[in-house]
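Since every read-out is calculated from the coordinates, none of them should be taken as a lab result. Remember, predicted model here, so these are calculated numbers, not experimental data. Ideal geometry is used to build each Cβ from the backbone, glycine not excepted, and the neighbour counts take in all protein chains shown.
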Amino acid sequence: MTKKELRKIFRDKRNSLSMSERAKMDDLMLIQFQALKLPVIYSLLSYWPIERNNEPNMHLFTDYMAFRNPELIIAYPKTDLVANNMHAISTNESSRFAINDFGIYEPEKGEEIAAGYFDMIFVPLLAIDKKGYRVGYGKGYYDKFMVDCREDCVRIGFSYFEPIQEMPDKHEFDVPLNLCITPQSVYVF
């Protein structure tokens, strides 16, 4: 099986979930996340969930982190389609977001923050294996960004489904996550 095949399988699995099933799973993942013994996090790169992809409600987890640390610096990715990479843009309560060419909400304005500044990154995924390697949407933006992160930066994914045994066709530039939260478990890699 290839990553391309896994993308289709897990997209179909997500699409088969009702809105109420996803909401219940989001709540269960939030409970798992809140039970983690995390260090104080001062900077977080989150992302806006893509509704048409039935992604987990990342606003729940981002809001929880902001509640834990009211001084938290929160950034969101902004893609550069010419350079084929992404930048982290700081946000606040008054930040405005616009939809990009991929249909993803991105901050319209804000200060760019270097990858090495982040204590934690929420990383989108479709599937993950038992070693922390993930299948994303296939553009490699997050892997390219995470290469420049500090070694102690906590990389977390949220998945409605349990990990697969092993990721097929891994690439040398794939960056594994440290944690994955599912409705049933917390996986530490």
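Annotations for the structure displayed:
- For the chain: lysine pairs under 18 Å (alpha-carbon distance), excluding those fewer than 8 apart on one chain: 19
- Sorted by Cβ neighbour density within 10 Å, fewest at the top, the residues Arg96, Arg7, Arg155: Arg96, Arg7, Arg155
- Longest to shortest principal axis, alpha-carbon extents of the chain, angstrom: 41, 38, 32
- Computed about the Cα centre, the dipole magnitude for region 27-80 is approximately 140 debye when only Lys and Arg (+1) and Asp and Glu (-1) carry charge, each at its Cβ.
- Antiparallel bridge percentage (DSSP; both residues within the chain; nearest 5): 60 percent
- Partnerless Cys - the chain, beta-carbon criterion under 4.7 Å: Cys180
- Think of each Lys and Arg Cβ as +1 and each Asp and Glu Cβ as -1; about the Cα centre, that makes the dipole of region 1-149 roughly 760 debye.
- The chymotrypsin sites (Phe, Trp or Tyr not before Pro) of region 1-95 meeting both criteria, a DSSP state outside H, G, I, E and B (loop) and at most 13 other C-beta atoms within 10 angstrom of the site's C-beta, are Tyr42.
- Restricting the GluC sites (Glu not before Pro) of region 36-145 to loop positions (DSSP other than H, G, I, E, B) with no more than 13 neighbouring Cβ atoms within 10 Å leaves Glu71, Glu93, Glu108, Glu111.
- Amide H to amide H distances under 5 Å link Gly136 with Leu126, where only residues 5 or more positions off or on other chains count and H is placed in the peptide plane.
- Rounded to the nearest whole Hz, the Karplus-based 3J(HN,Hα) values (6.51 cos²θ - 1.76 cosθ + 1.60, θ = phi - 60°) of region 104-120 follow the sequence 10, 6, 10, x, 6, 9, x, 7, 6, 10, 5, 4, x, 7, 7, 8, 8, with x at glycine and proline.
- Kyte-Doolittle at least -1.0, axis length at least 20 Å by Cα - qualifying DSSP helices, the chain: 19-34
- D_trans [Stokes-Einstein, Kirkwood Rh over alpha-carbon pairs] for region 14-71, 25 °C, 0.890 mPa s, µm² s⁻¹: 196 µm²/s
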